[in-house]
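Asker: I'd like to ask you about the structure that follows.
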Amino acid sequence: MIVRMDNVGIVVEDLAAAVAFFQELGLEAEGTGMVEGEWAGRVTGLPGQRVEIAMMRTPDGHGRLELSRFLEPAVAADHRRAPVNALGYLRVMFAVDDLEATIERVRPLGGAVVGEVVRYEDVYLLCYLRGPEGVLIGLAQELG
């Protein structure tokens, strides 16, 4: 049985820009490091991998986001502009305290609303947002 979810991983080209974007959303930088060596290749099936990572933590301490920049091997595929009905990883959803203020804070860092901000009944304000490199993020503000 699963005990918990440790993190969600997102591969990026510009690690510093991605860290700055997620910090502006409210995540806290936990640390950076390199993932390399024979053991890492055995885990991922990518022998010789060298990956620079930054671990981000949600303010409540329960969620983590691992941002990765592959130095070796080269990135194999690019799914950043995939539409919301594409198969595979799509987005990470974050609860925010003020949706409009959050959008305004990340706009200078490349954040752009995909469709529009929508009110779901009297429960949530919701939107999808593209961040740096087209990474898709969901934002939800609980109403009431």
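The values are calculated or read from the model by the stated rules, or taken from the named source; none is laboratory data. Every value quoted in this text rests on a predicted model; they were computed, and no experiment measured them. Ideal geometry is used to build each Cβ from the backbone, glycine not excepted, and the neighbour counts take in all protein chains shown.
Asker: Evaluate the following for A112: is it farther than 20 Å from A29 by Cα, free of Cβ contacts under 8 Å to residues at least 12 places away in the same chain and of a type outside the set (D, E)?
Answerer: no
Asker: Then there is this: Would you call A86 within 18 Å of the chain's Cα centre (by Cα) and more than 30 Å from G45 (Cα to Cα)?
Answerer: no
Asker: Still on this model: Hey, A54 hits all of (1) in contact (Cβ under 8 Å) with a residue 60 or more places away in the chain; (2) touching a helix residue (DSSP H, G or I) at 6+ places or on another chain (Cβ under 6 Å); (3) over 23 Å from A140 (Cβ atoms) but one; which does it fall short on?
Answerer: All conditions are met except number (1).
Asker: Right, another one. Select from the stretch 6-40 the residues that are part of a loop (DSSP other than H, G, I, E, B) and without any contact (Cβ under 8 Å) to a residue 24 or more places away in the chain and list them in ascending order.
Answerer: G37
Asker: Another one. Any idea which residue in the stretch 41-82 is surrounded by the fewest Cβ atoms within 10 Å (Cβ to Cβ), counting only those that are in a strand (DSSP E or B) and of a type in the set (A, V, I, L, M)?
Answerer: Of everything passing the filter in the stretch 41-82, L71 is surrounded by the fewest Cβ atoms within 10 Å (Cβ to Cβ).
Asker: Now for a different question. Which members of the stretch 96-128 meet the condition of being surrounded by 14 or more Cβ atoms within 10 Å (Cβ to Cβ) and either closer than 16 Å to V19 by Cα or in the same structural domain as G63 (by TED's automatic domain parsing) (or both)?
Answerer: T102, R105, V106, L109, G110, G111, listed by residue number.
Asker: Answer yes or no as to whether A54 is in the same structural domain as A17 (by TED's automatic domain parsing) and not basic (K, R).
Answerer: yes
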